[in-house]
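The values are calculated or read from the model by the stated rules, or taken from the named source; none is laboratory data. Nothing here was measured: the structure is a model prediction, and the numbers come from that model. Cβ sites come from the backbone with ideal geometry, for glycine too, and all protein chains shown count toward neighbours. Note: accessible area is taken over every heavy atom of the protein model, side chains too, but ligands, DNA and RNA are not part of it. Shrake-Rupley method; radii C 1.70, N 1.55, O 1.52, S 1.80 Å.
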Amino acid sequence: MKTKKVRNKIILYSSFILIFMVFFFLWFITASVYQSHLGILEKEMVLKLNLMEHSNGPFASGKKAVLQEADRKFFTDISHVLGQRITVVDRKGKVVYDSDVRDISSMDNHRDREEIMNAMESGRGRSIRYSDTLGIDMLYVAKLSGDYIIRIAKPLYDINSSLTDIRYKIIISGIMAGIISIILVIYFSNKISRPIGEAINFAQIFSNGDFSKRIMNYSDDDIGTLQKSLNKLADTIVGKINSLLLEQKKLELTIDSIHDGIALIDTGRWIQIMNASFRRILDIDTDSARGVYFQVIRSSPLNAIIELSLESGQPGCREITLLNGTSCEILIIPISDYSGIQGILLSLHDITERKKIDEIKADLIGNMSHELKTPVAILKGYLETMGQYLGDRKMSMDILGKAIANVDRQNTLINDILKLNRLEKSHDFYMEKINLAEVVETCISLLKPKADNINLEITSDIRDLDRLFSCNRFLAEEVIFNIVDNAINYNTRGGKINIRTAESDSLITLEIRDTGIGIPRESLDRIFERFYRVDKSRSRDTGGTGLGLSIVKHAAELLKWTIDAQSDINGTSFFIRIKTA
Amino acid sequence: MATHLEMELSQLTSKVYRMADMSMEFIHNSVESLKNSDTKLAARVVESDSEMDRLEVEIDDDCIKILVTKQPAAIHLRMVLAFLKINTDLERIADLCTSIAKETLRLDGKPALKPLIDIPRMADIAISMLKKCFRAFSEKNSALAKEVLAMDKQIDELNIQIYRELFSYITESPHIISGALGLIMVSKAMERIGDHAKNIAERVVYYIDGINISHE
Ligand SMILES: Nc1ncnc2c1ncn2[C@@H]1O[C@H](COP(=O)(O)OP(=O)(O)OP(=O)(O)O)[C@@H](O)[C@H]1O
Ligand SMILES: [Mg+2]
């Protein structure tokens with residue numbers, strides 16, 4: 001619906017007033033002109049009657065009972081001169097003379113005519129009547145003179161035509177005045193309503209969300225005050241909105257920075273709030289953020305839980321696994337007020353890591369107990385056998401050797417676990433100046449016998465490392481030893497190991513390349529995990545427990561070295577990057 | 001205020017989405033069970049197939065009821081028609097997954113012929129196809145739905161690759177024929193799942209744009 005404009009109202013009302021005024025004046029002026037005209041005419045006619053009475057005509061005496069021929073002639077003459085109709089009536093109302101009518105005997109008795117009646121009573125009378133004979137308004141004036149009443153009549157031609165003239169002029173000037181004043185009214189009402197329009201415009205723009213506009217020129221009246229207050233109102237609102245936005249931003253940031261996924265779902269199934277972690281955990285794309293929960297969240301167990309909680313309004317705690325392997329602990333907190341449940345607050349806690357750790361721990365205990373128990377059992381077996389063959393020296397020595405090997409194995413495992421623990425927990429590895437080439441040589445020489453067993457050829461060119469580095473000998477040995485150890489363990493009989501360096505500005509890269517079995521691509525970024533072994537059965541053969549590379553990782557971290565690996569069908573390369581600067 | 005029709009459609013939508021979520025789970029679980037020789041998981045998949053069947057019938061009934069009693073028009077009509085077809089596709093996907101799970105049960109704990117790498121990859125692609133379809137549906141984004149069509153090609157390629165690989169195995173050692181055939185069946189099932197996902201994408205485009213692109 002279109003609202004009425006103030007301007008149009010003003011124009012409409014003032015036009016009404018104007019039209020009314022024009023008609024009023026028209027009526028008023030015509031009426032008064034008519035009256036005064038009539039007055040003048042009447043006076044003139046009375047004068048004429050007086051004149052007739054006082055002239056020396058036969059009738060002047062007024063005593064004669066019967067009208068004489070001379071009297072008639074007198075009236076006829078006067079009627080000619082004046083150009084007016086003259087009628088003479090006696091006291092009984094009978095017409096005794098009429099200038100315009102020949103046969104007076106046919107005329108009605110005039111006793112009941114208004115002017116005659118008045119003249120009989122008060123000596124004078126007048127009336128205006130429409131004359132059927134002439135078809136026009138006539139003014140009659142009568143005067144009592146002796147036994148007769150003389151009446152003259154005048155048609156109101158003149159007065160009517162002059163009135164028409166006046167009316168016409170008044171209407172013309174009325175219309176002119178009307179047009180001019182409507183133009184003026186439009187002009188002024190525009191002037192009044194423009195600031196109102198501006199204010200309305202401003203209010204509309206503002207409520208449509210453009211908060212930057214203000215009213216620029218104030219008008220100099222109440223509307224100006226209104227405009228000023230509107231501007232002030234706008235400023236206050238913008239201030240309020242800004243502070244609200246800030247609050248909201250703060251809240252959003254806080255919620256977003258929470259590591260757990262948080263979402264609020266109302267009973268209409270709409271997601272009202274959802275933080276970044278929630279999206280991350282459930283793999284929700286940002287642009288589908290708002291919506292009905294079952295259209296946004298793609299996990300049937302979670303959706304089932306949400307639906308159930310929305311219906312029951314019960315708090316709860318569940319654990320689910322998503323399709324991408326993430327395990328989540330879900331906490332449901334119903335939000336309700338006196339009228340019942342309003343929605344639920346969902347908190348997702350990513351427990352994949354924890355589960356993994358739990359698994360690793362369980363694995364560790366399993367592995368450890370297995371790894372610890374087996375050698376001990378074997379050891380016991382050997383020792384028992386040895387007890388039986390104590391006399392056989394050669395046999396005993398053989399068995400003893402095997403027993404010691406098992407103790408060694410046991411020892412390594414325990415040492416590895418302890419090492420890892422130490423590396424993880426402590427940071428108190430002091431830095432010393434050591435020659436890394438020496439460290440590498442030591443490792444190679446330690447592993448040489450093992451390599452010879454399967455005819456491995458180890459070549460090395462490590463001149464770049466033949467200088468002092470600030471690092472920790474124990475850690476450096478751990479890193480290099482374990483990598484070279486793997487290069488031997490996961491190699492094939494008669495394979496090769498090449499150790500070489502490359503130096504660029506401030507970085508030395510030590511590459512340990514083997515021609516072994518390689519690491520599948522999907523395992524490449526997992527080999528540094530504890531107990532991770534690509535092929536569990538094969539590693540068992542080599543006596544590995546999957547701790548070697550975790551030790552490497554931790555040690556390298558402490559040394560601020562970076563380690564990465566590449567692998568293809570030709571073998572595996574480990575790169576140790578050492579900053580020299 | 002939502003109209004009666006809109007309320008019923010929203011309920012129907014929620015069921016279809018539930019079915020979609022479940023079929024994604026079917027794909028994931030069936031392949032996972034095969035990969036890890038997890039017969040328990042496989043048995044669960046086979047068991048829950050009846051739930052899928054029930055949902056399918058329910059959704060079909062709902063669609064027909066809405067069509068008959070509410071006589072929807074324009075986009076609402078297209079929605080119901082799309083759901084009718086999507087519903088069948090989802091149910092077929094679940095069936096195919098059940099057959100994969102049955103293969104796991106047949107192996108009964110024995111590892112598959114070779115470590116599965118490509119088949120889980122196919123499963124991942126199929127799941128993300130479905131995800132995309134339903135995201136496109138929610139957002140009325142037909143461009144997104146059209147992306148799904150191209151993804152089906154990846155699944156087809158993987159399927160052919162697996163065929164070739166398994167054929168080479170069979171020629172080397174004929175005694176593994178039954179294991180290889182099992183895997184070929186699984187791979188074929190995955191390929192069909194991809195086709196169904198593609199059908200769904202076409203239905204989504206039909207719902208959004210009102211045009212049929214299934215025979216282009
Ligand atoms: N050079 C290599 N070539 C091929 N595979 C490798 C190589 N290095 C590591 N791996 C793979 O990474 C896994 C983890 O190695 P890691 O050294 O941590 O454990 P491990 O050798 O099995 O046991 P540990 O070293 O504790 O005795 C190994 O089991 C192996 O499968
Ligand atoms: Mg190792």
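A few notes on this one:
- Restricting attention to the range A:2-161, lysine pairs at least eight places apart or on different chains and with alpha-carbon atoms under 22 angstrom apart total 22.
- Per-residue mean of foreign Cβ neighbours for A:68-77 is 0 (Cβ atoms of other chains, 10 Å radius).
- On Cα atoms only, tilt of A:473-489 relative to the major axis of chain A in degrees: 80
- Annotation: lysines with alpha-carbon distance below 23 angstrom to A:K496 (same-chain offsets under eight excluded): A:K448, A:K450.
- The A and B chains share an interface that buries close to 1300 Å² of accessible area, total over both sides, probe 1.4 Å.
- At R0 = 51 Å, FRET efficiency that the Cβ-Cβ distance of B:A143 and A:N570 yields, to 0.05: 0.70
- Percent carbon-and-sulfur accessible area, the protein assembly as shown, ignoring ligands, DNA and RNA, probe 1.4 Å: 57
- Amide H contacts under 5 Å for A:I262: A:N275, A:S277, A:F278, A:L348, restricted to partners 5 or more places along the chain or on a different chain, H placed in the peptide plane at 1.01 Å from N.
- Protein heavy-atom accessible surface, 1.4 Å probe, per residue over the range B:4-209: 44 Å².
- Cα-based reach from A:K579 at 20 Å (exclusive), listing lysines while leaving out same-chain residues under 8 positions away: A:K433, A:K553, A:K560
- Acute angle (nearest 10 degrees) that the helix A:548-559 long axis makes with the longest principal axis of chain A, alpha-carbon atoms: 70
- Rounded if a/c under 1.5, otherwise prolate or oblate - the range A:432-579, Cα gyration tensor axes: prolate
- Every helix of 4 or more DSSP H residues in the protein assembly as shown counts as -39500 (n - 2.57), and over all residues that averages to -22000 deg cm²/dmol at 222 nm.
- Among the listed pairs B:K40/B:K132; B:K131/B:K153; A:K228/A:K250; A:K355/B:K131; B:K15/B:K131, those beyond 24 Å (Cα-Cα): B:K40/B:K132; A:K228/A:K250; A:K355/B:K131
- Estimated at 0.36 nm per residue, the fully extended path between A:R409 and A:T374 surpasses their Cα-Cα distance by 11.6 nm.
- Rounded accessible area per residue of chain A, 1.4 Å, Å²: 59
- Reduction of at least 30 Å² in accessible surface, 1.4 Å probe, comparing all protein chains with the chain by itself, residues of the range A:291-323: A:F294, A:Q295, A:R298, A:S300, A:L323
- The Cα center of the range B:194-216 and the Cα center of the range A:115-186 differ in position by 95 Å.
- Mean separation of Cα contacts under 8 Å, 6 or more apart, over the residue count of the range B:125-216: relative contact order %: 40
- Between the range A:457-491 and the range B:49-86, the alpha-carbon center distance in angstrom: 68
- In degrees, nearest ten, helix A:436-453 long axis to first principal axis of chain A (Cα): 60
- When the Gaussian network model of chain B links Cα atoms closer than 10 Å, the mean-square fluctuations of B:A126, B:A150, B:A82 top out at B:A150.
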